[in-house]
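Below is one structure; the comments refer to it alone.
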Amino acid sequence: MPSPVVPTTIPLLLGGPLVLALGVVLLGLAAVGAVTWGAAGVGFLSAVAAAALATRVYRRDAADVATYLQSLGDAGGVVPMPEALSPTARLLAASASRTHGEWLERGERLRAGLEATEQILEALHDPLILIASDRRVTLANMAARGLFGDRMADRDLAATLRNPHLLGAVDAVLAGGASRMVEFSLPVPVERVFEARVKPFRRDGSTIIILTLHDITAIKRSEQMRADFVANASHELRTPLATLLGFIETLRGPARDDAEARDRFLGIMHDQSGRMSRLVNDLLSLSRIELDEHTAPTGRADLGRIARGAVAALELKAAARRIRLHLDLPDRLPPVTGDEDQLAQVLQNLIDNAVKYTRDGTEVRIALALVEPGGGGPASAVVPLPAGGRRAAPMVSASVSDCGEGIARMHLPRLTERFYRVDPARSRQLGGTGLGLAIVKHIVNRHRGRLTIESDVGKGSTFTVFLPVAAEEKAADTRRAGGSAA
């Protein structure tokens, strides 16, 4: 560390006039004979020597103090004072060290406060975004980055959020308007509804926007669920209820003493009651699934084990019609990200539908496979490589194929709608509620997967579900791919 250069301007400005004044006085005294010229010269030279000594002491003490202050700045902390300092320099250095320590302590408190504030903002469950006066995002917490991506900072808000109502509210508040509240929806990957609060905050003469987003999807879906449940229940339950009421009136009236009619009517009433029970259970199940559809599951599920359980549960039903359930399962299948109970419901619904609609004495084939993106075959067309050449994540496919009558192409886009039936009479005869594929669709949406349907009239149908491989398996697959490339 180079020694600091101490200027001599200050001691010259202070000591120079004094020495000159003393010289003038001595000259005057010598002129009037009060002192001799020799004594005056000696006095003047002594004054010059004293001034030079004082200047040297000043420069040395100033250099020592400056060196100590520089060491404080370089070290960034408390530095012990050198022993060689003079009493004056030690006093100045002690004062500077005390002030420096106070600034360090204050800076540490400010830094700790900023870190605590950042940690609190990061831990907030709701997304929070700070927007500068030019509509540029200056800060986005973890929830916001998880929702919109990690590239939000230092970009215009419109590059991330393109909702015109929200952008209009932000522009209005930046122009000097009051706080605004806006509702908007994000359609992908599953539609979610947010309530945005746009609040201004003034700092250094400019306006900063604090944008907070509150997910109200569950509230909106709960409201819609109640309305749909009433509408669907009143529509679908009307027929079996009317049938039950008619048979009850008949049994209480004309058929009161007719044992044969009573047995026949009771059998029909039992079937209708079972249908209503299945309908209510499916409606409740569908409502619960829709309520949580916007929240992706985080667990890990063994789809092979789930498929074996679904096949075992439906083997007796299939055997009653001489239908064989053939499970094609690879030796090693990675786990998927998902809810085991819901995925079991998906496979049971698909296999149950296949058993219902396939021909007697035929086969229902259930096949599981690992689908590598771009790996060739028909599945690769369903899971393509994304744009930009990045390697897409692998998925696990589960397909259920039957040998039934098949479904005309015109019906395929509507199969997952509530209560949509290709053949309503046959569906009711087989005990269907019209909700099985709707439940499958919403569960697959919640798992961020996809459902494909292929059918040939007269040959049969194939329903295939694609589910993402669990995160750890994806990382291991990426490492294996990188090692083989190397």
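Quick look at the numbers
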| item | result |
| --- | --- |
| Solvent exposure, largest accessible area first (probe 1.4 Å, DNA, RNA and ligands not counted), of Val444, Val457 | Val457, Val444 |
| Label zone at Glu223, where the point sits 7 Å out along the Cα-to-Cβ direction: segment 153-183 residues whose backbone N lies under 13 Å | 183 |
| Residues of type aspartates and glutamates that Lys459 reaches as a straight line, Cα spacing below 13 Å, ignoring anything fewer than 8 places off in the same chain | Glu363, Asp402, Glu405 |
| Solvent-accessible area of Glu363 with every protein chain in place, 1.4 Å probe, in Å² to the nearest 10 | 60 |
| Distance (nanometres) between label positions extended 7 Å along Cα→Cβ at Leu245 and Arg98 | 9.4 |
| Label-point separation in nm, Ser133 to Asp360, each point 7 Å along Cα→Cβ | 8.3 |
| R0 of 56 Å, Cβ-Cβ distance Arg262-Arg288: FRET efficiency to nearest 0.05 | 0.90 |
| Difference of contour (0.36 nm per residue) and Cα-Cα distance, Asp302 to Glu183 | 39.0 nm |
| Protection proxy ranking, peptides 340-350, 131-141, average beta carbon neighbours within 10 Å, highest first | 340-350, 131-141 |
| Shape parameters for segment 174-310, alpha-carbon atoms, Rg then Dmax in Å | 26.6, 93 |
| Rule-of-thumb Rg ratio for segment 107-233 [Cα; 2.2 N^0.38 Å; N residues] | 1.22 |
| Modelled FRET efficiency - R0 30 Å, His326 with Tyr420, Cβ distances, 0.05 increments | 0.55 |
| Solvent exposure of segment 308-354 as accessible area per residue, Å², 1.4 Å probe | 54 |
| FRET efficiency, 1/(1 + (r/R0)^6) with R0 41 Å, evaluated for Asn281 and Ala123 via beta carbons | 0.55 |
| Most to least packed among 306-314, 214-222, 396-404 [average Cβ atoms within 10 Å] | 396-404, 306-314, 214-222 |
| Residue-span extension gain [Arg203 to Glu315] - 0.36 nm each, minus C-alpha spacing | 33.3 nm |
| Computed over segment 259-306, Kirkwood Rh from alpha-carbon pairs, angstrom | 14.2 |
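The values are calculated or read from the model by the stated rules, or taken from the named source; none is laboratory data. As the structure is a computational prediction, the values presented were derived from the model and not from experiment. Here the Cβ is made from the backbone with ideal geometry for all residues, glycine too, and neighbour counts use every protein chain on show. Protein only, heavy atoms only, side chains kept; ligands, DNA and RNA dropped before computing areas. Shrake-Rupley method; radii C 1.70, N 1.55, O 1.52, S 1.80 Å.
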